[in-house]
Amino acid sequence: MLAAGTITAPALLDIYLDRIARLDPQLNSYRVVLESTARQEAQAAQTRLDAGERLPLLGVPIAIKDDIDVVGQLTTYGSDAVSTPAAKDAEVVRLLRAAGAVIIGKTNVPELMTLPFTESKTFGATRNPWDTALTPGGSSGGNAAAVAAGLAPLAVGSDGGGSIRIPSSWCGIYGLKTQRGQVPLKPRIDPWCGLDVYGPMARSVEDAALFLDVTTTTGPAGGFVAAVSNGPGRLRIALSTKAPPLTFAKAGKEQLAAVQAAGTLLRGRGHVVETRNPDYPLATILGYYLPRYFRGIYNDVAPLPQPDRLEARTRHMARVGSWLSDKCIEKVRAKESKLAKRIQPIFDDFDVLITPGNAKGPSRIGAYRRRGVLRSLLFASGRVPFYETWNLTGQPAAVLPWGLDGDGIPVSIQLIGKKDDEATLLALSAQLEAIRPARNWRPPVL
């Protein structure tokens, strides 16, 4: 529409700013709306459009999760323990600007992105547009609520254990955890001991592919959008509903049914579909994931200028991380190849693995307010057990909206691809999206 001249960049921005003004008081998806600078950027984009310039995102508003630097703005990590604005854009933001994007605002997160719900003492609770009594998930919950409610067309999230996929699933949008190293993390260095990556949260698979085309330097010939258009070809697909050991979780009936329904549709499109479970080691979560998770939180807390302002639960998590020495973490990370040898053989036989997205629906706002670290992790992780493994292996994984549960909350499936193969993942996601389109879903808050 922008390129065709059917709408101008300032007028498009006004639509989103108006929606934010009307709807975000109910949702609290944005930590800050950058109205003044966004208007300047939109006007500059229109000048370039009028001059005939064409860039992939020229004039398109983009929301940024508040653990990613935007020049001149605080990167709060959901806390008031930070007081110095960012001196420059994060590399991913710079790349989006280079593609013409208008940065519309920064979205809310739980403090230090530690848990799968978006509530903090400093910035309050972000609410799910499908039911405002419920959490959208976390830690990219502000992104998911904003995109689902039409307060941004695209958002950039981070995922160290499901933080893109969890809220995307509960809010009914497409979320992609990219291959480790695919999207630049600079100025962050090795966040969460190598678990964390950046990725897109969007209303369509093609929009997520476009994000990769403008933020990555490696990809298929012709780009990721072209890969989506070309289709996936005939694939070998595994279905699995088994959660990793010791997660004490089991997917609900509607989540299980979504996986089976996806398998049926894919067989009908000529794919080879079988039931096969990855060979998860017993220590997948306790031995491989949690040490890096806790030490990653400690690494984030250590440089903060005012750590005493953190919530008690966050301080306790950081304290646990401080008990894990550099040598201990080196040993844990050295075992990553051992983990891969156990889990990766499934991808010798299959191109894509499909699991449930979230195992259950979202919790109510405030459900974890008085719970400590252990109880919060136990209760919350039981709803989202299918994600952390793929942060350990580093390969791409995405959630695709599938339907609504009995309470009217979105249900998704997760698709996991081979190493460095977002292209196949996106192409298969687009094929399923065409059969069960969710881009026109409108949550009740609208």
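Things worth noting here:
- Selection count, segment 166-196, where residues are closer than 17 Å to Asp89 by Cα and either among the aliphatic types (A, V, I, L, M) or surrounded by 24 or more Cβ atoms within 10 Å (Cβ to Cβ) (or both): 3
- Here segment 20-34 is the region considered, the condition is being surrounded by 15 or more Cβ atoms within 10 Å (Cβ to Cβ) and in a helix (DSSP H, G or I), and the residue that is nearest to the chain's Cα centre (by Cα) is Leu27.
- Annotation note: of Ala146, Ala133, the sole residue that is in contact with a Ser or Thr (Cβ under 7 Å, 6 or more places away or on another chain), at pLDDT 95 or above and of a type in the set (Gly, Ala, Ser) is Ala146.
- Counting only residues that are in contact with a helix residue (DSSP H, G or I) (Cβ under 6 Å, 6 or more places away or on another chain) and either at pLDDT below 95 or not in a loop (DSSP other than H, G, I, E, B) (or both), segment 250-280 holds 2 of them.
- Among (1) in a loop (DSSP other than H, G, I, E, B); (2) surrounded by fewer than 19 Cβ atoms within 10 Å (Cβ to Cβ), the one test that Arg94 misses: (1)
- Every test in (1) farther than 25 Å from Phe248 by Cα; (2) touching a Gly at 6+ places or on another chain (Cβ under 8 Å); (3) crowded, with 18+ Cβ neighbours inside 10 Å is passed by Arg436 save one, and that test is (3).
- In this entry, Thr284 is excluded by the filter for residues that are more than 30 Å from Gly403 (Cβ to Cβ), of a type in the set (Ser, Thr, Tyr) and buried (at least 19 other Cβ atoms within 10 Å of the Cβ).
- Of the helices (runs of 4 or more DSSP H) entirely within segment 287-392, those holding at least 3 residues that are touching a Leu at 6+ places or on another chain (Cβ under 8 Å) and among the hydrophobic types (A, V, I, L, M, F, W, C) occupy 290-301.
- In segment 197-214, the residue that is surrounded by the fewest Cβ atoms within 10 Å (Cβ to Cβ) out of those that are closer than 18 Å to Gly150 by Cβ and charged (D, E, K, R) is Glu206.
- Residue in segment 415-424 that is assigned to a loop (DSSP other than H, G, I, E, B) and either at pLDDT below 95 or under 26 Å from Ile20 (Cα atoms) (or both) present: no
- Qualifying residue in segment 385-406 (condition: at pLDDT 95 or above, of a type in the set (Gly, Ala, Ser) and over 20 Å from Leu256 (Cβ atoms)): yes
- Qualifying residues in segment 88-128 (those that are within 16 Å of the chain's Cα centre (by Cα) and among the hydroxyl-bearing types (Ser, Thr, Tyr)) - the one nearest to Val32 (Cα to Cα): Thr107
- With respect to the conditions (1) in contact with a Gly (Cβ under 9 Å, 6 or more places away or on another chain); (2) more than 25 Å from Tyr289 (Cβ to Cβ), Asp207 lacks only one, and its number is (1).
- Of residues in segment 273-325 being within 15 Å of Leu339 (Cα to Cα) and among the hydroxyl-bearing types (Ser, Thr, Tyr), the one farthest from the chain's Cα centre (by Cα): Tyr280
- Qualifying position, being in contact (Cβ under 8 Å) with a residue 60 or more places away in the chain and either acidic (Asp, Glu) or within 24 Å of Ile285 (Cα to Cα) (or both), among Gly408, Gly366, Gly357, Gly372: Gly357
- Looking only at segment 375-415, and only at residues there that are of a type in the set (A, V, I, L, M) and under 13 Å from Ser163 (Cα atoms), the one that is surrounded by the fewest Cβ atoms within 10 Å (Cβ to Cβ): Ala380
- Every residue from segment 393-414 that is small (Gly, Ala, Ser) and either under 13 Å from Ile173 (Cβ atoms) or assigned to a strand (DSSP E or B) (or both): Ala397, Ala398, Gly403, Ser412
- Take the conditions (1) surrounded by fewer than 18 Cβ atoms within 10 Å (Cβ to Cβ); (2) over 25 Å from the mean Cα position of the chain (by Cα); (3) in a helix (DSSP H, G or I); Glu53 misses just one of them, which is (3).
- For segment 305-355, filtering for residues that are modelled with pLDDT of 95 or more, among the polar types (S, T, N, Q) and surrounded by fewer than 17 Cβ atoms within 10 Å (Cβ to Cβ) leaves 3.
- Close pairs from segment 423-446: first under 30 Å from Thr217 (Cβ atoms), partner of a type in the set (S, T, N, Q) and assigned to a loop (DSSP other than H, G, I, E, B), Cβ under 6 Å, at least 6 apart: Arg439/Ser204
The values are calculated or read from the model by the stated rules, or taken from the named source; none is laboratory data. In this text, all values refer to a predicted model and were calculated from it rather than measured experimentally. Counting neighbours? That spans all protein chains shown, and the Cβs are built from the backbone with ideal geometry, glycine included.
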